[in-house]
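Take a look at the structure below.
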Amino acid sequence: MGADHHTGAEAELLFLLLLAEEFPEQRVVHERMAGLFGRLRRVNVDDGRHGALGGVAVRALGRWDVGRRFEHRHGGWETYPARATGPFGLQGRYNEPERQTDRYGLRKQKPKTSHKRCEMDPNFVNRDKLAKYLEKTLDITRFRDYCPNGIQVQGREVVKTIVTGVTASGALIEAALEAKADAILVHHGYFWRGEDPRVVGSRHKRLKLLLTNDINLFAYHLPLDMHPEFGNNVRLARQLELNVEEGRFGENGLGWLGTAGDNVKTVGDLAQVIEQRLGRTPLVIGDLKQRVERIGWCTGAAQNMLAEAIAAGASAYLSGEISEPTVHLARETGVAYLACGHHATERYGVQALGEHIADQFGIEHCFVDIDNPV
Ligand SMILES: [Zn+2]
């Protein structure tokens, strides 16, 4: 493609940018723009001619809001000039993987970013894109939960650093502030069903901290318990070296079944593995010398699923917490119950998920363990 074509396409692009600004609802304008971006990008890559596109890119950046509106309306840059990194990201990166084209927010803040500077900046992901990714990955619409899953408190758009933790406590928010995090990802967020909805007391303090510091709070409850790869149950199994069987039990199929390794023959052996691998002594209701065959488990406060675990054929059942009736049921059925700690059993899912999104988007991740004896 020759220079004349460049000029023609660039003029058309500018015209369309103006049109898009005036008529942001017109999809046809955006589609035409996307096509043009694609053409210009290919030309740019082909002949290494950055100069002519420079003017277009600068002007396009000046009209950034058009793109932003588009992004919100059409659900992200994949449908629009994600392929058009060229005109927006004039400094190169055309052939880089998708994750590295997600630098639009940065360009908005620092449109004059040089290539070298770009290389030195950590990657980031747009807040809403991350929420969409997590929604899909964790299949959150599948669950009827006791709290909202997803962004619970909205913060800044650009996420470079994420802190994960079990619970969005005041201490975790403080730790996230110290880590200069843009987002916090937890298993236990806020706004639980039946809770007093008023923004007073410690809820006020937590929300104020998040809002004044513009930090996002992402929370995933049941979807994070259940996920086959990043879920609390599967990760607890890995931590305890349990072999997962296919069957599930209990509401939502939250209870998991499996067997332990050859080193675990009795309830006492199982308790020892838990102590070593979770760093805390479980409360055991049952005979330590009793043989263990099939094991049932569910992380958190699932002590009331003991009866269902027994019905599913478990000879020992473990969860996080314990209630008074759990003791009697375990004694009367002869099925051992091991209370391993709500917090201790739910440290691993959110950590795995944090590592995964850090990998996926090239952002920073750090798990903060605010110890909890329960
Ligand atoms: Zn929990």
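None of the figures in this text is laboratory data; all of them are computed from the coordinates on show. Quick caveat: nothing in here was measured; it's all calculated off a predicted structure. Neighbour counts run over all protein chains shown; Cβ positions are idealised from the backbone, glycine included.
Structure summary
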item: GluC sites (Glu not before Pro) within the range 243-320: DSSP coil, no more than 12 neighbouring Cβ in 10 Å; result: E293
item: Virtual spin-label span in nm between R142 and E355, 7 Å along Cα→Cβ; result: 2.2
item: Range of Cα positions in the range 190-281 per principal axis (Å), largest first; result: 52, 28, 23
item: DSSP beta bridge pairing in the range 232-340, given as percent antiparallel to the nearest 5; result: 60
item: Long-range Cα-Cα pairs in the range 309-374 (distance over 16 Å), rounded percent; result: 60
item: Shape box of the range 232-340 [Cα atoms, principal axes, largest first, Å]; result: 28, 27, 22
item: Ranked by how many other beta carbons lie within 10 Å on average, peptides 167-175, 229-237, 201-209 from highest; result: 229-237, 167-175, 201-209
item: Environment charge of V200, counting only residues whose C-beta is closer than 14 Å and scoring Lys/Arg +1, Asp/Glu -1; result: +3
item: Protection proxy ranking, peptides 258-268, 338-348, average beta carbon neighbours within 10 Å, highest first; result: 338-348, 258-268
